[in-house]
Every structure is written in structure tokens, then in C-alpha cells.
1. Scanning for something farther than 30 Å from THR381 by Cα and among the aliphatic types (A, V, I, L, M), does segment 210-227 turn up at least one residue?
2. For segment 194-219, which residues satisfy the criterion of being surrounded by fewer than 18 Cβ atoms within 10 Å (Cβ to Cβ) and under 25 Å from ILE317 (Cβ atoms)?
3. Applying the selection to segment 327-344, what residues are part of a helix (DSSP H, G or I) and under 26 Å from ILE317 (Cβ atoms)?
4. Would you be able to say whether some residue in segment 275-282 is farther than 28 Å from ALA384 by Cα and at pLDDT below 90?
5. Determine, yes or no, whether ILE236 is assigned by TED's automatic domain parsing to the domain that holds GLY142, at pLDDT 95 or above and among the β-branched types (Val, Ile, Thr).
6. Any idea which residue in segment 317-362 is nearest to LEU222 (Cα to Cα), counting only those that are under 26 Å from the mean Cα position of the chain (by Cα) and among the aromatic types (Phe, Trp, Tyr)?
7. On the basis of being buried (at least 20 other Cβ atoms within 10 Å of the Cβ) and not polar (S, T, N, Q), does PRO264 make the cut?
8. Can you spot a residue in segment 345-353 that is assigned to a helix (DSSP H, G or I) and either under 17 Å from LEU70 (Cβ atoms) or in contact (Cβ under 8 Å) with a residue 24 or more places away in the chain (or both)?
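The values are calculated or read from the model by the stated rules, or taken from the named source; none is laboratory data. Computed from a predicted model, the values in this text were never measured in an experiment. Quick reminder, even Gly has a Cβ in these numbers, built from the backbone with ideal geometry, and neighbours come from all protein chains shown.
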Amino acid sequence: MSVFRSRPALRWLVPSAAAVVVIGGGAAAGTIVASADPSLPDRSAAQLLVDIQNAKVDGLSGTIVESADLGLPAIAGLAGGASLGGAGTPGGASTSAGGAGLADLATLLTGTNTAKVWYAGESKMRLALIGTQGETDVIHNGRDVWLWSSKEKSANHLTLPADKADHPGPIAGQVPKTPQEAADAALAAIDPTTTVTTTGAARVAGRDAYELVLSPKDTSSLIAQVRLAIDAEHHIPLRVDVYAKNKPTPAVRVAFQEISFAVPDAQQFTFNPPPGTTVNQGTAEGLAKEHKAAAQKAKAEAEKAKAEAKGQGPQVIGKGWTTIVSAKLPKDSGSDAKQFDSVLSMLPKVSGSWGSGHELAGTLFTVLVTDDGRVFAGAVTPQALYAAAAR
């Protein structure tokens, strides 16, 4: 399994002279080393970056657990009235009287999610997401791709063209994040705004690992650091932790609870729809046509909306760890708008030279909704959003 389909080592290791000093240049790279367990040799941050980019295994299987505690306030009527605050009960918020969709979102924001994964090469992969309401499986076996939902009692079967059997393309994007994908996103953020260090050895899923630490330099970022535990033998990420400032425990963790590097049995990739399952047949070509048509329609609608709004669409302010997204709220007087206004009124009222509004503050992100209909959001301090609103 290649952790990174492309390996832009130079882009990460040498994005600028400043980054070279931090993670790859001269004596500096030799001084930043993992204070490894006696059974592990020392590895520098630069060496670990190369290790993780070149990681490849023939097979693995294991259980992945994702947990999140973003420190959000309890808001009545959101996700069935469940609190989005603490870690709560594994499985997430209640799904009663409030809409399962919001409850599903709340599950990602707080609580835990469990998945099982099997891998036996680029043409044989399976991921099973285990939830309180059922199981969802994505299975890729050669030219066959299955997406099965036990809750919906349905299965979508796609047949890939022969030349795509090892590279299913968009199908992979439907798989929930694993430690590898979380690490990919974190490493993509390495630039001169990031300090890269090591903290020593770790023990994850019964295996020895090194820890690589990414820390934003900008003090307005709410993210204190991202820690990657990298398997000492196979070099794949076993755990990714995201820490908020002044918090001793991770706000988000994606980690293998157990893992084996033995190649899984072929039967793990054979799917037989259970009795009563509705099977929808399709081809990758048909799916691609649907995606293309939908994309063209969305593009046309976006261009029309942009012309009507005259530049009032979403705007990106800044870059890297402290990126802020701003937009104008749509003018809507329907039931959804009334529900939004009701929830908004429960948030703390704030004001400043930029005007007044309401604020949703978590440990890893902040959202500001102004009374004149503007929205600002980012993994930054409230003060950073106030400054953006003032501009």
C-alpha cells in the first residue's frame, strides 16, 4: 500500500530555505531526532518524512477508531437536542426528533466511530464503517466495486473497465478517512509556516512507532500541533492526533486499535448481497457520465449565481493553518431559515468595530455570523475572524 500515490518529497522537504533549516538542511536535520526507545534507532524528522512517503506494504487488516471532542456548546434542537460538547457516549448524538442527518453530523463532531479495513494490493481493498444504526461497506475486488448499506438494505455494484481495476479513481474518495489519509492532509500543510519536530517513540496497536510533530507557527491558529505515530518497521501512520491549544488530550484522533500486516484471505473481498438486499447495477463509465453531467450543471449554476451575486460568493482569506472562509448568507424566509435563526439566537452575542453578530467557538474552529448576513469561519481565534470582518 503506497501511503502517497505521488511522492513530492522535494516539495515538502525543500519548499523554501526556511523549511530546509527546519526539516532537511545541513546540521539542523541531524539535531532534530526521535529520542527513541532503546529498541529503536534514532530517526531525524527529515528521515521520517522520507520513510512515510516511501511506505509500501503488500497487505494489512485492522480496526480503526476515530474520536472527536471539539468542545462545542449544547444547542437545543440541534441533532435532536443532544449536546455537541463532550466526548459523550460512543456512537455520537441522539437521533431522536431532530433529523438523522444532523445526528450523523454530530457523530463526526463528537463521540467515536469505528471502521475495519482489509488491504491486499491496489485491486483488493475493503472498508467497513460500523455504526449504531448499521454497517456500510466499500469493497474493491479487481473490476468489481460494491457499496453496501445494511441500514438501507441496498447495494450498488459497479464494474470497472479492465484498465482501471487497480485504480478505481473517484470510488476511493468515498471511503472515510484512515490514518494514512489524515496524515496525507497533515503533511500537505508542511511549508515555512510549520515547525516539524519529533518527540520520541510511541506504542500504537501493540507496535513500536516514531512520533512526528507538525506545529503551526502562527499564534492565531487554534491547532497546537498534529502528531503522527509512524510504524517503525513498515513506516505507515498508525495514529494521527490533532491537539487544540491548551488542551492535554487530542481534539481529534484517528488510530489503528489493532493491525496485522499479513495479507488478508481472498474471501474478505468477495461480497454476496444478503437476502432482501436491493442491488443496483452500474458501470464506471455510467457513473463518470453522471458525475460529468452533475458537474456541468453545478458549474453552470455556480456561474449564474456568481453573476447574480456580483462577487458575493465564498471568499478565501489567508492561507495555510490560518485560512479563513467568508461568505454571504442567502436570503431565505423558509422553514430552514427560521430554524437557522432559532439556533443562531442561542449562540453568544459578540460585537466590535466590525459590527455585531453571533459566535460559535470550539476548540479547533470558530464561526462568526454577523447581523448584516456575513459568515466567517476558520481554525483560528475569534480575534482573527473579527479582524477579517473589519476588513
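1. no
2. Passing the criteria: THR195, SER215, LYS217, ASP218, THR219.
3. ALA337, PHE340, ASP341, VAL343, LEU344
4. Yes, the conditions are met somewhere in segment 275-282.
5. no
6. The residue in question is TRP321.
7. Judged against the criteria, PRO264 is not a match.
8. Initially, segment 345-353 is screened for residues assigned to a helix (DSSP H, G or I), giving none.
No, because not a single residue in segment 345-353 is assigned to a helix (DSSP H, G or I) and either under 17 Å from LEU70 (Cβ atoms) or in contact (Cβ under 8 Å) with a residue 24 or more places away in the chain (or both).
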